[in-house]
Amino acid sequence: MFYSRGVCWSSGCEKQGDVSPVENHIHCDEGQPQTEEGSEAACPGISIVTDGFADSAPGDVSGGPASCEGEEHTHLDSQDTHLDSEDAHLDSEHTHLSAEQALDSASGEESQEDSGEFVAAMLARSRLEEQGLGVKGGSPPLADTGPSPPPPGLHRDEDVTADAWRAHRKHVFVLSEAGKPIYSRYGSEEALSSTMGVMMALVSFVQSGDNTIRSVHSDQHTVVFMQQGPLVLVSVSSSGQSEQQLRHELRYVYNQIVSMLTQASIARIFQHKKNYDLRRLLAGSEKILDGLLDLLDCDPSFLLSAVHCMPLASSLRDALSHVLQKAITPNLVFSILIAQGQLVTIVQERTVIEDARLEPADLHLLLNLIGASSAFQAGEIWTPICLPSFNPDCYFYAYISYLDPPSCSVCLLLLSTDKEAFYAVAECKRKIEEAMLAQNALAALAKARPYSATQVGVSDLRHFMYKPFDVPDNHRQLTQFTSPEMESPYSSEAEKTRLLDLYRDLHGRIHSTSRPLKLIYHVAERETLLAWVTSKFELYTCFSPLVTKASSINAITKLLRWIKKEEERLFIRYPPKYSTTPNPSRTRKAPEHDATDNGFLSLL
Amino acid sequence: MPEPAKMRKPDVKVVILGDMNVGKTSLLHRYTERKFKDTISTVGGAFFLKQWGPYNISIWDTAGREQFHGLGSMYCRGASAVILTYDVTNWQTLAELEDRFLSLTDTANSDCIYAIVGNKADLTDSGTHRAEPLDGQTEQEGVGTELQPTGGGVGGGDPAALLQKQVSQEDARALYNRVLRYKGMEDKACPPAERLCFETSAKTGYNVDELFETIFDMVLPSILKKRSQGTPSTIDLEECRVPKSTKAGCC
Ligand SMILES: Nc1nc2c(ncn2[C@@H]2O[C@H](COP(=O)(O)OP(=O)(O)O)[C@@H](O)[C@H]2O)c(=O)[nH]1
Ligand SMILES: [Mg+2]
């Protein structure tokens with residue numbers, strides 16, 4: 001399985017000239033590399049990528065000169081050097097590991113106990129040469145775009161013919177198969193109905209040839225199409241993200257819609273009436289989708305498919321879990337405590353934890369929902385909500401309430417399978433509220449803060465994201481990651497976005513379907529980044545540009561030691577459980593509600 | 001700090017129904033927070049408790065998708081008042097009240113009070129453009145509006161150009177009377193349409209306090225009756241549960 005993986009060292013230095021800084025990997029089908037778009041000069045115009053026919057190679061409908069294609073297959077982009085086991089040739093300008101070494105190290109890491117020591121050894125073996133700091137052309141995320149988009153807020157009223165509308169970094173459109181607009185991130189759907197009609201025409205045209213359109217690539221933009229049942233989702237992006245990442249984001253958008261309607265209902269609606277205007281059901285929910293798209297742009301949880309946990313003394317976390325564990329009612333299946341948008345603890349019904357688990361993706365949708373409905377800070381919400389990764393066809397009933405009005409940073413989320421259970425579940429909240437008051441836990445929770453990268457005590461380390469895989473199997477817990485606050489020089493929104501773009505770029509290359517990499521050392525203009533994936537973790541680090549390869553190795557060793565030491569505080573180690581079988585102390589006279597018949601199992 | 005749990009048992013239930021975007025949440029927000037905010041979205045239903053003298057009134061704000069996921073009857077069960085809300089600039093929203101929302105109120109109390117509320121009056125009537133309504137301002141002003149020519153000729157330079165009013169007070173009152181007929185309550189001593197049809201603006205605050213306070217005053221007898229009959233002044237948890245083995249909301 002490591003066969004196709006390689007190690008890549010890259011630097012931001014580029015050949016002088018007009019080489020497009022945007023590197024386009026184009027995939028026609030998951031896992032099947034097709035073409036790689038090179039510089040503008042080599043391949044002007046637009047290329048459209050579609051799924052292949054059932055068993056032949058993926059087709060390539062290219063608007064550009066057909067002659068591009070042959071060269072693209074073997075094209076190596078100019079700014080980075082890669083080493084795959086297949087094309088293991090050395091390049092005098094850059095550093096490579098040999099294929100053997102890459103394979104060697106890949107198998108070596110399995111047995112390596114201390115990953116910190118391992119990285120040191122591995123990097124040392126590769127006989128690194130120092131690269132000049134990249135100062136010429138910028139790395140992709142630095143690429144400037146044209147006119148700046150209008151200020152946020154009035155997106156619905158935007159003039160869709162204006163340049164500013166076109167200049168948005170990422171558009172997302174949702175339409176029905178009949179070409180009816182359902183959602184547009186910017187501008188009103190009405191104003192865009194002809195645009196969406198054209199998109200649908202494109203989709204249908206390719207479909208009529210028994211094919212599926214997947215993406216369109218131009219110099220500035222990547223357009224990704226995704227069809228999910230009767231819905232078509234389209235992303236038009238100049239963010240430089242990979243097609244895979246954009247597709248991942250579209251899946252979130254689709255899932256958020258499913259979370260409000262369920263997949264089965266969407267299918268039923270369109271079976272019944274092909275040109276149904278789904279906005280009738282989604283009106284008022286646009287803000288939830290707007291909020292999701294904003295989060296996708298600024299919260300790396302989505303990129304990593306992992307949950308960001310609030311760092312907390314394990315004693316406090318345990319105490320809070322215990323409070324949740326004791327406040328139960330029949331059919332309650334998840335109790336979740338959130339502070340400042342980060343997960344504090346999650347308690348699950350015993351049968352749930354055995355049969356399934358809450359996926360990070362579903363929790364992200366829940367967190368977005370909470371964020372979008374902050375108007376209810378004074379009230380208690382009771383809403384049907386579908387968790388698409390758990391079961392796309394069924395509703396849970398979510399109770400959402402803030403525990404600390406008016407500051408509203410601590411939120412309680414209780415999920416039940418019984419739609420009538422509002423008052424019983426609200427009663428659980430009172431119990432939780434009382435217990436937390438008695439233990440002064442709310443005050444302690446209010447003091448919880450994200451940590452700073454300086455706490456790690458590594459001088460050149462500015463920021464990192466660490467996602468461990470080493471969770472004991474039997475816990476089957478949520479995939480989590482830890483990351484410090486983004487501080488200077490990444491405190492402004494623009495700089496935060498720039499750093500995230502750099503991470504996204506590294507992530508895209510690590511997870512590239514055509515040429516996945518295990519290690520990337522990237523010298524950018526204003527910082528140096530190192531991304532590394534092993535069987536135990538995925539790590540992205542950002543250093544000041546003064547770091548050397550040797551010192552970055554050192555720093556990562558120290559960082560991994562620090563995380564190990566702080567593990568208890570940074571992650572939820574042992575997710576607690578409860579059992580909401582009938583509680584004998586309560587007057588509930590329904591012995592038929594046992595663990596196997598609490599309504600929950602019928603969901604599975 | 002949160003109030004102690006025992007204080008929070010509601011005496012009576014009020015439900016706000018109506019199509020999405022007519023301004024239900026904005027109305028409630030205006031009434032409880034004295035503010036108008038544009039960035040609110042409703043998911044499902046939101047439960048609020050309002051202290052009204054010695055009584056606790058629970059208010060359910062709904063999303064407008066109730067008949068789709070079937071929670072509407074749960075929100076309405078045992079309600080003493082239902083506020084049916086439409087948008088005065090959108091005829092369809094009035095029609096939807098009858099077509100989609102009225103049937104959800106079948107689980108409300110038999111003596112439930114129904115109010116018909118046309119919101120966004122500020123969009124059609126310059127008289128409601130001012131900020132907070134002055135004390136003593138009455139429905140008179142709202143009543144007069146349908147006679148005003150709207151839309152044409154008003155302030156070309158006005159950034160918030162007035163919209164055509166699509167629903168007149170007469171239409172709303174006619175609906176009120178149809179609601180009573182539907183409920184089989186025409187014969188009972190129900191308040192007349194003039195008292196329970198409102199035009200409001202959550203944006204300016206016009207008529208919002210009047211709406212809620214009229215309704216709260218009208219449900220007082222229902223609270224007193226409940227108390228004197230010795231029925232517990234709480235929402236009965238057991239009663240809310242359907243005795244049959246609850247089927248999870250699988251579709
Ligand atoms: N002009 C005007 N706009 C309003 C008024 N009430 C609500 N709105 C706007 O109408 C939209 C929908 O309001 P909202 O309260 O969310 O409606 P809901 O779906 O019924 O809860 C929002 O953009 C509000 O700002 C009003 O009285 N006047
Ligand atoms: Mg609302």
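The values are calculated or read from the model by the stated rules, or taken from the named source; none is laboratory data. Note that this is a predicted model, so its numbers are computed, not measured. So basically every Cβ, Gly included, is an ideal-geometry build from the backbone, and we count neighbours across all protein chains shown. When the accessible area is computed, the model is the full protein with side chains, heavy atoms only, and any ligands, DNA or RNA have been set aside. Shrake-Rupley method; radii C 1.70, N 1.55, O 1.52, S 1.80 Å.
Kindly indicate whether any position in region B:182-195 is under 12 Å from the mean Cα position of the chain (by Cα) and either within 15 Å of residue B:29 (Cβ to Cβ) or touching a residue at least 24 places away in the same chain (Cβ under 8 Å) (or both). Looking for residues that are under 12 Å from the mean Cα position of the chain (by Cα) and either within 15 Å of residue B:29 (Cβ to Cβ) or touching a residue at least 24 places away in the same chain (Cβ under 8 Å) (or both), one finds none in region B:182-195, hence no.
Looking at A:538, A:566 in this structure, which one is buried (at least 18 other Cβ atoms within 10 Å of the Cβ) and at pLDDT 90 or above?
Exactly one residue qualifies, and that residue is A:538.
Just for region A:272-286: of the residues that are open to solvent by 80 Å² or more (accessible area, probe 1.4 Å) and assigned to a helix (DSSP H, G or I), which one is farthest from ligand 1 (Cβ to nearest atom)? Filtering first and then ranking leaves A:272. Residue-level analysis places residue A:449 outside the set of residues that are in a helix (DSSP H, G or I) and either within 11 Å of chain B (Cβ to nearest Cβ) or among the charged types (D, E, K, R) (or both). Does residue A:269 satisfy the condition of being assigned by TED's automatic domain parsing to the domain that holds residue A:167, open to solvent by 20 Å² or more (accessible area, probe 1.4 Å), aliphatic (A, V, I, L, M) and part of a helix (DSSP H, G or I)? Judged against the criteria, residue A:269 is a match.
Against the criterion of being touching a residue at least 12 places away in the same chain (Cβ under 8 Å), on the phi < 0 side of the Ramachandran plot, within 9 Å of another protein chain (Cβ to nearest Cβ) and outside any loop (DSSP other than H, G, I, E, B), residue A:444 does not qualify. Of note, residue A:253 does not satisfy the criterion of being buried (at least 23 other Cβ atoms within 10 Å of the Cβ) and farther than 30 Å from residue B:61 by Cβ. Residue B:214: away from chain A (no Cβ under 14 Å), within 16 Å of ligand 1 (Cβ to nearest atom) and of a type in the set (S, T, N, Q), yes or no? Taking the combined requirement at face value, the residue does not satisfy it. Among the residues of this structure, residue A:392 does not count as one that is under 20 Å from residue A:342 (Cβ atoms) and out of contact with any strand residue (DSSP E or B) (no Cβ under 8 Å at 6 or more places or on another chain). Among the residues making up region B:13-40, those that are β-branched (Val, Ile, Thr) and open to solvent by 10 Å² or more (accessible area, probe 1.4 Å) are B:25, B:32, B:39, B:40. Among the residues here, residue B:222 qualifies as closer than 26 Å to residue B:106 by Cα, open to solvent by less than 80 Å² (accessible area, probe 1.4 Å), at pLDDT below 90 and not in a loop (DSSP other than H, G, I, E, B).
Restricting attention to region B:109-121, report how many residues are open to solvent by less than 10 Å² (accessible area, probe 1.4 Å) and more than 16 Å from ligand 2 (Cβ to nearest atom).
6
Residues in region B:66-90 that are within 16 Å of ligand 1 (Cβ to nearest atom) and open to solvent by 20 Å² or more (accessible area, probe 1.4 Å) were compared, and the one that is farthest from the other protein chains (Cβ to nearest Cβ) is B:89. Checked against (1) in the same structural domain as residue A:246 (by TED's automatic domain parsing); (2) not in a helix (DSSP H, G or I), residue A:264 passes all but condition (2).
Got a number for residues in region B:41-65 being near ligand 1 (Cβ under 8 Å from one of its atoms) and open to solvent by 20 Å² or more (accessible area, probe 1.4 Å)? Number of matching residues: 1.
Just checking, which of B:99, B:106 is away from ligand 2 (no atom under 16 Å from the Cβ), within 14 Å of another protein chain (Cβ to nearest Cβ) and out of contact with any Leu (no Cβ under 9 Å at 6 or more places or on another chain)?
On the way: B:106 fails: within 14 Å of another protein chain (Cβ to nearest Cβ).
Within the list B:99, B:106, the selection yields B:99.
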